[in-house]
Amino acid sequence: MIDKTTNSLLYLNGVSVSFDGFKALNSLSFTVEPGELRAIIGPNGAGKTTMMDIITGKTRPDSGDVYFDGGKIDLTKKDEAEIAQLGIGRKFQKPTVFESHTVWDNLELALNRNRGVFATLFYRLSAEDKNRIEEILTTVRLTHRRDELAANLSHGQKQWLEIGMLLAQEPKLLLVDEPVAGMTDAETAETAILLREIAKTRSVVVVEHDMGFIRDLGVKVTCLAEGSVLAEGSIDFVSSDPKVIENYLGR
Amino acid sequence: MKMSAILLKGRRMYLRPVRILAILLGLILGFATAASSAADDPAALIKALGTANFEQAEAIIADLGKTGDTRIVPALEAFAAGDLYVRKSDSQVFIAKAAGSGFTLIDPVTGASAGEAPKSAITKIKINNSLRRAISSAQGGLTLLSPDKVVRLQAADSVLKSPSAENLELLEAALAKETDRAVKLRMEQARAVSLLSSDRPVDQKRAAIATLQSLGGRDAIGILMTAAPTLDPALKGDLDAAIKKIEGTLALWDAAQNIWYGLSLGSVLLLAAIGLSITFGVMGIINMAHGEMVMLGAYSTFVVQEIIRTKFPGAFDYSLAIALPVAFVVTGAAGLIIERGVIRFLYGRPLETLLATWGVSLVLQQLVRSIFGPTNREVGNPSWMSGSFPLGGMQVTWNRMWIVLFSLTIFLGLLLLMKRSFFGLMMRAVTQNRRMASSMGIRTPWVDAFTFALGSGIAGIAGVALSQIDNVSPNLGQSYIIDSFMVVVFGGVGNLWGTLVGALTLGVLNKFLEPWVGAVLGKILVLVLIILFIQKRPRGLFALKGRAIEA
Amino acid sequence: MITSFFLRALEGRIVAMVAVLLGFAVLVPMSNLLLGPDNPLHVPTYVMSLLGKYLCYALLALALDLVWGYCGILSLGHGAFFSLGGYAMGMYLMRQIGSRGVYGDPILPDFMVFLNWKQLPWFWYGFDMFWFAALMVLVVPGLLAFVFGWFAFRSRVNGVYLSIITQAMTYALLLAFFRNDMGFGGNNGLTDYKDILGFSVQSDGTRSVLFALSAIMLALCLILASAIVRSKFGKVLLGVRDAESRVRFLGFRVENIKLFTFVVSAMMAGIAGALFVPQVGIINPGEFAPANSIEVVIWTAVGGRSTLIGPIIGAVLVNGGKTIFTGVFPEFWLFALGGLFVLVTLFLPKGIVGTVAQALAKRRAAQAAETPTHLNGKPQAAE
């Protein structure tokens, strides 16, 4: 079925999944190229989060193919931990950081090192790892709060910390679910800059409702509705599509 | 008919030569006069009893049976009871009853009084077990003709239990006259039994085997087995087939009985778990004091019965009907207090709720122990809960029967309440979206409180039912709590139907494992199976699936 | 690597508790053996055994804290691991009785003779050797925890479901051990021990050694637990407790993390049971009762969940209270215990240690806020 010569980093073909009769994804096909920054929009229930669940191994598709890294890896056969180790990072809709740990510890845990039980038991922070964490702290603008508990961060800072944790994971592909929800305008603008920076070295998929933010990103947009792709293209192309207007923007 | 001829004919099948010789000897010697007189004259036959030895007496009893004269039944009864005496002076036989220093004599055939006699003037006619059997067989034959339907039925039964070829003709005569269907059926079976030990032709016996097969049961197998050694070899196949067929039916009934036991256990589990399926399933509260609510319900029954016993003893049969609302109110109120006092501070922290309610359960246990004492209290069964009735090849006890019906009624009632009533609507609204429900003007704290009270009240009602089959002690609740959780978790949380199916499945499974591995090991196996099952389907049998379900 | 792993464990509170325990390990037996019974500082043997029992319970509570406090697994079946460890030790002690039993059989324990058994069941082999029994104290609870956890964590049974099935597990074992034909003495369990490693279990000397061992073992397990908790693994563990899916999406195998912790915890519980049995002189199926396991949870909660030293303090306090209470008002003990469950969950969710630590941290933060040199003077929540 699958064209093994594909160069796509992520390749979804005809993916369907239903929950108790409700079709969350309906033959969804979708690709992401290496180094691409892609935005996904769509009304509630369009299947955006379910799609991320499928890519990260949280949910198994009823049918369809999900391949990663140029068709080399079948993601439907892997679980969350394996997929994360393969290089797919995911940021949840609701910021999920370890609130009882400091900012520093959060990043230390996320570092892409051996994650086995005994390796972590006897792990010691090396100078190299230290530098890497410092670097990420600078990137996500949290250096001054490094020793604070994550619980004490503001909402926006938690979002950034989570993005920082994804960076520490050194993924090839980042899935970012509504990164600017609940952020101030200034934070939103900064986040757009941050994501564009990140996308220089890896692929990023951003799910977002904030059209202004998407415009700021200035990238290819995919609009989902009822579990499949409605339209794909530049933001201007997609937002002028009558189907998109009827399904999403018009409401 | 000449008596000797009948004797030889009727007993040929199993009389050994020695016995025949002895009878012949008896016929010739002391018994010649009786034999020469008419063999079907009951008075003469009874008189002959006075001088007969055991062997002869057995033959006479058989002859008496043949007369078909129901007047001699009292004499036979008296003989069996050791009340038949012979007067020394004239060898006349009488039924004698002790009266003062002597005995009153009664004529054995007519039942008329025949004066009195001192103890020294009469001798008891001796009896042994073999004679007793003969008597009961003869009685059976005689009473077959009784005008009373019940007596005839009993007679047919007694022939069925101690068949003998002698009764065959009598049975056939009785059958010809019989009009009542039930009695006729029983008589036909009795005839079939007797026929097997007679010298009737093979095809009649084949028909008899078929009749016995339709009778079924372990008795029929027993009869067929005893008949087997002396039976015509040509019939062996029929016999074996009949036994196999009956055994098959028995196995089916055994299975049915097991299913019934299982359903009965399942309905007990359902009763215990159904309140939990509301508090745990719908509200997500781990109420470890749930078992104590059941216990409180049982103690409410005890208190109600005590009051009735002392104040209105006549109303005892209504005690459970009175206890139901009482238990519901008592445990519902207890639930309300627990929810308002403890649980409402712990919403969203299920593990803490578990610990706090466990504490409540300890307090309640000790409270009941302090008030009512640590020992079992006696809760009586009203008359309509006692006893049992047969259903096909199995026995159904009334209390189990009522509990099955009761638990299903409660289940359906609750289902209706949840799906059709306004309170149910509010309840579902609150559990699905608390904030939305609240902004629509539903007082969510009160819905919580009353939902919890409802779950507790139902546990109390379950306690009323369980007081009928279990010991009412402070530990009553402890023995149900784990099972109840297992049922709810197995069935799938938040789904009443799941609880029903879960409870019945676990009940039946338990009862089917029991004969193989014993009760305790069966229970252990069921627990292990559930543990494994939860690994496979962490959300139970009827779990909702989808993105919305997040731990 | 190993040294740094253990050195990390030695943080203030832990060091203090270890010192206290080691002090006990030395002082209590000394006072029992060296001081005369008239001396006011003399600790009678029965008190020492009682204290030893508390220390075993404390170890059990510590084991529970490792899984509940740091990994979020509320096990309601830890009593099962404790009992299995206890049974392993009890079997060794039974085999030491030899022909001194009532029936005088050199091999078979009394209950087997009573049940008319002709030979030792296979699973009793080896228990005449101490090293084997000691190994089984770790292996049997560890294996049960491994098998149970392997299934449960892989299929992601968690939260209250996990709690309920751990309870079912210990309940099933309770029923099983009550059966005579299981071969563990049925109802009566294993008792009437004579000696351990050749020393009489009744003598003051043996009792003293057992007490000291309980205290030392508890101290060692505390250091081990602290080392685990303070390693990167421990941080992952807390992550699992607070945001399991985040840990998973960071690429950790959550099931292995839980399984490792659960097995280590079960082994600690097994050690506690093994030390418990010679000091109280009996092990019976009643130890498997679900109620016992839940009680362990309240010791932990009273002392303070996720503090490691809290459970130790809680176990000693609650059990000390129980001893006093059941002596004075036996009727009211369940009221007190039940009330404790309710009050602690409602008003003292952090337990004694957690609450004190929080108060101290608050005061420190308040002092820091007064000194203007600290810019980041936000109050820090206690761990």
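The values are calculated or read from the model by the stated rules, or taken from the named source; none is laboratory data. Since this is a predicted model, take the numbers as computed values, not measurements. Using ideal geometry, Cβ is built from the backbone for each residue, glycine included, and neighbour counts are taken over all protein chains shown. What goes into the accessible areas is simple: the full protein's heavy atoms, side chains included, and nothing from ligands, DNA or RNA. Shrake-Rupley method; radii C 1.70, N 1.55, O 1.52, S 1.80 Å.
Quick notes
- Within the shell defined by Cβ-Cβ distances under 15 Å, the residues around residue B:276 carry a net charge of -3, with Lys and Arg each +1 and Asp and Glu each -1.
- Per-residue average of Cβ from other chains inside 10 Å of B:530-538: 6
- When accessible surface is computed with a 1.4 Å probe, chains B and C are found to bury approximately 3600 Å² between them, both chains counted.
- Exposure of residue B:532 as accessible area (Å², to 10), given a probe of 1.4 Å and all protein chains: 80 Å²
- Ranking by accessible area, most exposed first, for C:150, C:299 with a 1.4 Å probe: C:150, C:299
- Counting lysine pairs in segment C:2-293 whose alpha carbons fall under 27 angstrom apart, excluding pairs fewer than 8 residues apart on the same chain, gives 4.
- Within a straight-line Cα-Cα reach of under 27 Å, residue B:177 can be paired with the following lysines, leaving aside sequence neighbours fewer than 8 residues apart in one chain: B:2, B:9, B:66, B:149, B:161, B:205.
- For the peptides B:351-360, A:93-102, the ranking by mean Cβ contacts within 10 Å, running from highest to lowest, is B:351-360, A:93-102.
- Close Lys pairs in segment A:72-183 (alpha-carbon distance under 15 Å; sequence gap of 8 or more, or different chains): 4.
- In summary, the lysines within cross-link reach of residue A:243, defined as a Cα separation below 28 angstrom excluding same-chain residues under 8 places away, comprise A:23, A:48, A:220.
- In chain C, the calculated helix contribution to ellipticity at 222 nm averages -23500 deg cm²/dmol per residue, counting -39,500 (n - 2.57) for every DSSP H run with n ≥ 4.
- The order of B:529, C:62 by accessible area, most exposed first and with a 1.4 Å probe, is B:529, C:62.
- Cα-Cα separations in segment A:10-249 greater than 25 Å, expressed as whole percent: 43 percent
- Remark: accessible area buried at the B-A interface is about 500 Å², both chains counted, probe radius 1.4 Å.
- The residues C:114, B:512, B:406, sorted by heavy-atom accessible surface at 1.4 Å with ligands and nucleic acids left out, run C:114, B:512, B:406 from largest to smallest.
- Other residues with beta-carbon under 15 Å from the beta-carbon of residue C:207 carry, at +1 per Lys or Arg and -1 per Asp or Glu, a net charge of 0.
- 14 Å Cα-Cα reach of residue B:88 towards aspartates and glutamates, excluding residues that sit fewer than 8 places from it in its own chain: B:116
- Heavy atoms of the protein chains alone define the surface here; on that basis segment C:2-293 has 36 Å² accessible area per residue at 1.4 Å probe size.
- Computing Rg and the Kirkwood Rh from the Cα coordinates of the protein assembly as shown gives a ratio, Rg/Rh, of 1.13.
- The trypsin sites (Lys or Arg not before Pro) of segment A:1-82 that DSSP puts in a loop, and whose beta carbon has at most 11 other beta carbons within 10 Å, are A:4, A:72.
- Mean per-residue shielding of peptide C:253-259 is 3, counting Cβ atoms of other chains within 10 Å of each Cβ.
- Averaged over peptide B:520-529, the number of partner chain Cβ atoms lying within 10 Å of each residue's Cβ comes to 4.
- Per-residue [θ]222 nm for chain B (sum of -39500 (n - 2.57) over DSSP H runs n ≥ 4, rounded to 500): -22000 deg cm²/dmol
- One Cα centroid belongs to segment C:189-206, the other to segment C:10-28; the line between them spans 27 Å.
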